[in-house]
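Comments concern the structure below.
The values are calculated or read from the model by the stated rules, or taken from the named source; none is laboratory data. Just so you know, these numbers come straight off a predicted model, no measurement behind them. Cβ placement follows ideal geometry from the backbone for every residue including glycine, while neighbour counts extend to all protein chains displayed.
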Amino acid sequence: MYSDVDIVKSRINIVDVVGEYIKLTKAGNNFKACCPFHQEKTPSFNINEDKQIYHCFGCNQGGDVFSFVMEMEGIGFREALEMLAEKTGVELQNNFVQNSKDQDKKKKMYDALDLSAQFYEKQLWDGVGKGGALSYLRDRGLSDEIIKKFRIGYVPNGWNYIDQFLISKGFDNELATEIGMLIKKEQGRYYDRFRNRIMFPISDAMGRVIGFTARVMPDDDQTQAKYINTPESFLYHKGTVLYGIHHARQVIKQKNNVVVVEGNMDVIAAMDAGIENVVAVSGTAMTEDHINILKRYAKHFTLFFDSDDAGMTAARRSAIACFAADIQLSMVLLSEGKDAADIVKEDPSELQNIISNAQSAVLAFVDIAQKKFNMNDPYGKRQAVEFVAEIIAHIDNEIEREEWIAKCAEVFDVEDRLMQMSVEKFCEDDNGSTVNQMRTNSASISGEESSQMQRIYKSIILMMMAYPHVWEHVYRNKDRYGPVMDQKNIATLIREGPKCHFSIGDFIKKDVQRELLYKSAMKMQQEYETEHEDEGSPINDVETYISVANEVLNKRRMDYLLQKMNEAEANADFDTQKKILEKINKLSQQIISNT
């Protein structure tokens, strides 16, 4: 692993690499420039050629050639190493990348897909696609420049065009089938997967073709699927594909905002209209992988999905995933039947206006709820509240979540506590685990352990409610009691305690769910005092419960960090290893201080 890194480093000059991205000026023995990572007019970005490192005195960014490429390209260490190895002609030998045989096959796959894209392009501009396919694209309002930029092509109506083409270039049918270009018949014969369609190459963040989306021709049989994609392959994974990312990533990074649309044509039309920070998820909701990739470039996302049922379902699922990942999320609401491509065709400047006026995703769903449900009917209002409450429940930040609860309660004209109750209902999954718990404890939990934890949580909660002095004691010592304090109901007691003066009577007023808890607390108090008579100490016992719970939670957290460390080591992701090690050390100190 380290020999590959050293070999690549020895063959590359950081000055040459950085100089491909920004203009450098010689300054004594060093080089300087305006920093690419923040806005500035006076150069504060310096490169030390002797040490092969860079540092910005303005934003404090610094590192070596690998960290620079990772930051600029928004890629991981593995991809940066591959990229620089290819640039220097170094053949990577270590298993953490691939063995030489796999590496060679991977290169052939990329080559075959790129040549296929070239074939389709030629058919569009110089072949049989020059009439219908090219005319259709132009009629949609696309310029020749943007058509060429996205390498859009056309595949003729036949069974073996790409089959024969790839064979003529030295690729066998098995490899062409693996990358999704051919389909193998039961009899062992092969035929083209795509026929008489407009072809949209799909590229990864480094600009390499990994698959295709194929659109049916407008004059062909419209009963067949309008769009078909390359099937899952070694290179193409739909859950990670972001159409247009290669063209958009630098602008996304500059703006700290990405516009996420549904389809390829929306991306192309938007870019043709001058909106360059746009990608598509290809007709599906955003996945965790999509979000993790885009978080490399921006912390603010704008959802721009179709207003039909499928589009709104995808937008809702995407919003929930984004909020859970602590993304600042906006959303555009379109009138029925229109998409970004339609708007650009009518008035290119209008699309920019619409995106600029995007509203918070929560407010967007409030608007949808008010139109979707009868707000004059009690049941309709309940449906509207729950429709939005599910979204709010997944907001990662507690301050934001509380603010939205208060705002939405006002909009829907309901009491804050009722809105809070609706949100809390959606803070539990099918197994009764809270969203907050799932965020804190992402390692897997056995059923027996989970059941044990629920009993411990319940004991802590009921002891606090049964004994006001225990409740106040836990509140005053919350900062040293560790992660158990994040459990939803315990956190509620901590938050509400001072407001109700640790009085169980004030706490349960007008709240049916809390009344039920109170009954359980009183029952527990009776059982506890009967069992312990004069020897019991509720404070000591609740501290024992807290200690046991924290031991389990800290073990889960440590196991999770160690798992992530193993993954980072396998990927030679040194930056992540460093960050995880800091977290492990911090957790270890917390564990020691609590023992």
remark   = Residue hits (region 355-367; assigned to a helix (DSSP H, G or I) and out of contact with any helix residue (DSSP H, G or I) (no Cβ under 7 Å at 6 or more places or on another chain)) are Ile355, Ser356, Leu363, Ala364, Asp367
ask   = Of the residues that sit in region 368-397 and are of a type in the set (Phe, Trp, Tyr) and assigned to a helix (DSSP H, G or I), which one is farthest from Phe301 (Cα to Cα)?
value = Tyr379
All positions within region 308-320 that are under 17 Å from Ala389 (Cβ atoms) and either in contact (Cβ under 8 Å) with a residue 60 or more places away in the chain or outside any helix (DSSP H, G or I) (or both) = Arg316, Ala319, Ile320
message = Can you tell me which of (1) crowded, with 20+ Cβ neighbours inside 10 Å; (2) closer than 23 Å to Ile245 by Cα is the one Ala176 doesn't meet?
response = (2)
ask   = Which one of the conditions (1) in contact with a Leu (Cβ under 8 Å, 6 or more places away or on another chain); (2) closer than 30 Å to Ile456 by Cα does Ala572 fail to meet, given that it meets all the rest?
value = (2)
note = Within region 409-455, restricting to residues that are surrounded by 19 or more Cβ atoms within 10 Å (Cβ to Cβ) and farther than 30 Å from Ala369 by Cα, the one that is modelled with the highest pLDDT is Met453
query = Among Arg296, Arg317, which is basic (Lys, Arg) and under 21 Å from Val423 (Cβ atoms)?
reply = Arg317
ask   = What helices (runs of 4 or more DSSP H) completely inside region 153-267 contain at least 1 residues that are in contact with a Gly (Cβ under 7 Å, 6 or more places away or on another chain) and not assigned by TED's automatic domain parsing to the domain that holds Lys107?
value = 245-255
inquiry  = Looking at Ala269 and the list (1) under 19 Å from the mean Cα position of the chain (by Cα); (2) modelled with pLDDT of 85 or more; (3) of a type outside the set (Asp, Glu), which single condition is not satisfied?
reply    = (1)
